[in-house]
Every structure is written in C-alpha cells, then in structure tokens.
Amino acid sequence: MNKIWLIIKREYITRVRTKSFLISTLIVPLAIVGLMAASIWIAINSNEKVTIAVKDDSHLFEDKFRGLDQGETLVFKYKKNSDLDELKQQVKNEEIGGVLYIPDIDIDHPKGIKYYANNQLGPTTESVISNALTDVVKSEVLKREGYDIALLKKLDETVGFESIINEKEKSGMSDISSAIGYIMGFVMYMFIFIYGAMVMRAVAEEKTNRIVEVMLSSIKPFQLLTGKVIGIGLVALTQSILWFGAIICAQFILGLVFAGQIQQVADMQTMNVGSNPSEAAVLEAIEALKTLDLSRIWISFFFYFIFGFLFYGAQFAAVGAAVTDDTDANSYTLPISMPIIISIIIMSVAVQQPGASVAVWGSMIPWFSPVVMPARIPFDVSMAEQIISMLILIVSAVAMIWLAARIYRVGILIQGKKVSFKDLGKWIFSKY
C-alpha cells in the first residue's frame with residue numbers, strides 16, 4: 001500500500017506543478033467567465049433603447065401601453081392630444097425613437113395601425129407591441145360578445161399538481177432535477193474522456209522513455225497501474241473542484257454587477273412570449289432546490305467520478321501500455337469510447353424518464369453507471385438501488401485494474417511490435 005501511495009504522490013505532484021496544469025486551471029475559468037460576461041453584455045446591449053410615442057385615436061390602448069415600459073430600454077409615451085405630423089417631425093429630429101399611430105379602428109378588422117421611425121424595430125420590441133395590440137383587440141371583441149374576461153383568463157391558467165415521492169413533497173423539481181442530472185452526467189463524460197486520454201499518454205511516454213522498466217524492478221504492475229490511475233484521477237478531481245469554484249464565484253460576482261440589466265433582459269424576454277414579468281418561476285426553482293438532497297447528490301457525484309475514472313482509466317492505461325504508435329491507439333480506444341458515448345444516449349433518456357428500464361439497467365452496468373446514475377440521483381433514486389450500483393462499480397473497477405495490470409505488465413516492456421486483440425487475451429491469461 002505504501003508503494004501505491006508513493007506512485008499516487010509522484011503522479012499527482014508531478015502534474016499539478018506543471019505550467020500546463022496551472023495555465024489550464026487558470027485559463028479555462030477565465031475563458032468561461034469571459035464568455036458569460038460577453039453573453040450578458042451582448043444581451044444587454046442588443047436590446048433597443050427606444051422611446052415610442054403612442055398616438056391612439058381609438059382610445060382603447062392607453063392603459064395597456066402605460067404598463068409596458070422596461071426601464072430605459074423601452075419607454076412608451078401616450079400622446080393623447082398631440083398632432084401626428086408634429087410627432088413625425090420629432091422622429092426626424094431624433095427627439096423620439098418612433099411613433100405608433102392607432103387610428104379609430106374597427107375591432108373586427110383592426111387595420112391601419114402604423115409605426116413611423118428612422119430605424120427598423122428589432123423582433124423582440126416588435127413582438128411586445130404586436131402582443132399588446134392583439135390582447136386589447138381580443139379583449140374588446142370578447143367584451144362586446146358578452147364574455148366574462150376575468151373568467152376566460154382564469155380558464156387559461158395552467159393547473160399544476162404536487163408530487164409526493166417516497167412520502168416527500170417534490171413539487172416543481174422535475175425541471176431542476178433534469179438540469180442538474182444532465183450537467184452531472186455530461187461533466188462526468190467529459191472528464192473521463194479528457195483525463196482517460198491523459199492516463200494513456202502518460203503510460204505511452206513512460207514506455208517510450210523506458211523509465212517504467214526501472215520502476216517495475218521494485219514495484220508490481222498492479223501497484224504501479226493503480227497508483228498512476230488514482231494519481232491522475234486526483235489531478236482531474238482537483239482541477240474540476242477549482243474550475244467549479246471559480247465559475248460559481250464568477251457567476252455570483254457577475255450577478256451582482258449586472259443584476260439590474262439582467263432583470264431588464266429577462267423581463268423583455270418574458271414579455272416576448274406574451275406573459276407578464278413574474279418572480280414565480282424563480283421562487284419555484286428555489287423551492288425545488290430546497291427539496292433536493294444536495295449532500296447526497298454531491299457525495300454521489302464524487303463517488304462515481306472517482307470509481308468511474310478508475311474503471312475507465314485502467315482501460316486507457318492498458319491501451320497506452322499495449323500500443324506503439326498513435327494509429328494503434330485510435331483503433332484500441334474505440335471499444336473504450338463506444339460505451340461512454342452510449343452512456344450519454346442512455347443519460348438523455350434517464351433525465352426524462354428516470355424510472356425507465358434502460359435508465360435503471362444503465363445505472364447498474366459499470367460501463368454506463370458513472371454517467372447514468374449521477375443523472376438519476378436528483379430524481380430521488382432509492383438508496384438500495386444506488387448502493388447496489390455503487391457496489392457493482394467498486395468491484396468492477398478493482399477487477400478492471402487487475403485485468404489492465406495483466407496487460408500492462410507485458411505490453412509496457414514490448415517495443416516495436418504491432419499488438420493484436422488476440423495478443424491482449426494471451427497476456428491476460430498468461431502466467432509470465
């Protein structure tokens with residue numbers, strides 16, 4: 001065990017002290033923060049800052065447009081007694097952004113509404129105005145026909161329901177659970193690929209430099225392979241924690257800096273789909289997060305991260321020991337990559353139907369469970385089911401390291417020979 005610890009320490013310290021690790025740990029969060037800031041800035045500045053004068057000869061829209069202002073981004077000024085030609089002149093002089101002229105329309109045939117401006121409206125603002133006009137005309141027609149407008153609005157309300165899962169109230173958590181599950185599964189997928197390839201390259205480099213021949217004189221292949229995979233896995237875990245921490249801090253800071261502008265953009269987007277701005281969705285999301293067992297989610301994520309990486313990292317290490325050039329590596333990594341890709345497909349089913357048979361079995365089979373089970377955990381998977389999955393993955397990871405070590409002990413010493421899958425089978429079962 002002491003020898004394995006020494007290998008882990010060597011692999012970990014060697015890599016975290018490299019310039020590439022330090023630079024990538026710093027650059028990736030900065031790049032993500034830059035993209036987030038750029039997205040917010042573009043969203044804020046893409047909204048038109050326009051003042052629109054409303055000349056309404058029908059006298060139907062006064063209350064509607066007085067409630068549509070969006071801070072400084074979109075302002076409506078209701079000009080009841082102003083002359084239309086004077087308003088057009090103000091547009092030419094750029095005193096106002098535009099004039100919305102509403103004649104004394106026939107609500108059965110609402111024609112003749114015009115917008116005068118020097119610049120074309122964007123689709124968001126155009127949609128806000130169109131929705132407002134449509135709502136008023138629709139309400140006037142319904143009033144004339146004797147319908148109760150309040151009753152009709154009530155009939156349009158969506159009827160929700162409360163979910164009671166395992167005697168616990170889980171209202172409104174479906175979307176949040178899906179989002180968290182998908183993010184966790186996809187992050188797992190990315191890190192297995194990225195750092196699994198790092199394990200393969202590290203083994204291949206040691207094989208080329210023949211350093212490993214000296215090391216194997218004092219340590220068993222199983223110990224060396226285990227230490228190498230765990231060491232690089234800890235590097236991956238360290239970097240992921242630093243990235244997540246930096247991104248969360250950046251989101252908090254950006255939220256404070258752009259709080260007001262983000263709310264304006266959100267309000268405009270909400271109005272664009274014909275709804276009134278509301279904090280109900282945000283409050284519902286917060287309440288849903290409170291119902292989630294976040295400690296279980298995080299512990300499960302790190303467990304499947306560690307043992308999933310051991311399971312797949314051992315396979316990548318075996319490939320690195322067996323091959324002698326990049327062409328061979330590509331052909332040998334295909335059988336490793338395919339289950340990871342399939343697990344993403346199963347995960348997409350799991351976040352929509354966590355109880356589906358393919359999702360349940362996918363969370364048990366060790367080739368898929370590191371990606372699929374973390375995606376199902378937010379849906380309150382039974383503890384017994386999770387424990388069975390974890391035990392299978394632990395046993396499978398140890399068994400995979402043992403099998404990979406059998407390949408590693410022979411392949412790492414072979415130089416210049418093209419290895420076949422038949423050779424790998426012989427190495428696994430051979431006694432030498």
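Listed values, structure above:
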item	result
Answer residue from region 78-128, given it is touching a residue at least 60 places away in the same chain (Cβ under 8 Å) and surrounded by 17 or more Cβ atoms within 10 Å (Cβ to Cβ) and is nearest to the chain's Cα centre (by Cα) among those	Thr124
Failed item, numbered, when Gln353 is tested on (1) surrounded by fewer than 20 Cβ atoms within 10 Å (Cβ to Cβ); (2) outside any helix (DSSP H, G or I); (3) touching a residue at least 24 places away in the same chain (Cβ under 8 Å)	(3)
Qualifying residue in region 395-404 (condition: touching a residue at least 60 places away in the same chain (Cβ under 8 Å) and in a loop (DSSP other than H, G, I, E, B))	no
Positions within region 299-336 being modelled with pLDDT under 85 and not aliphatic (A, V, I, L, M), in sequence order	Gly320, Thr324, Asp325, Asp326, Thr327, Asp328, Asn330, Ser331, Tyr332, Thr333, Pro335
Failed item, numbered, when Trp367 is tested on (1) surrounded by fewer than 19 Cβ atoms within 10 Å (Cβ to Cβ); (2) modelled with pLDDT of 85 or more; (3) out of contact with any Leu (no Cβ under 9 Å at 6 or more places or on another chain)	(1)
Residue satisfying all of: in region 24-55; under 24 Å from Gly112 (Cβ atoms) and out of contact with any Phe, Trp or Tyr (no Cβ under 7 Å at 6 or more places or on another chain); modelled with the lowest pLDDT among these	Val50
Subset of region 370-389 [surrounded by 16 or more Cβ atoms within 10 Å (Cβ to Cβ), touching a residue at least 40 places away in the same chain (Cβ under 8 Å) and out of contact with any strand residue (DSSP E or B) (no Cβ under 7 Å at 6 or more places or on another chain)]	Pro370, Val371, Val372, Met373, Pro374, Ala375, Arg376, Ile377, Pro378, Phe379, Gln386
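The values are calculated or read from the model by the stated rules, or taken from the named source; none is laboratory data. Fair warning: this is a prediction, and the values are worked out from it, not measured in the lab. Positions of Cβ are generated from backbone atoms using ideal geometry, with glycine treated the same way; all protein chains shown enter the neighbour counts.
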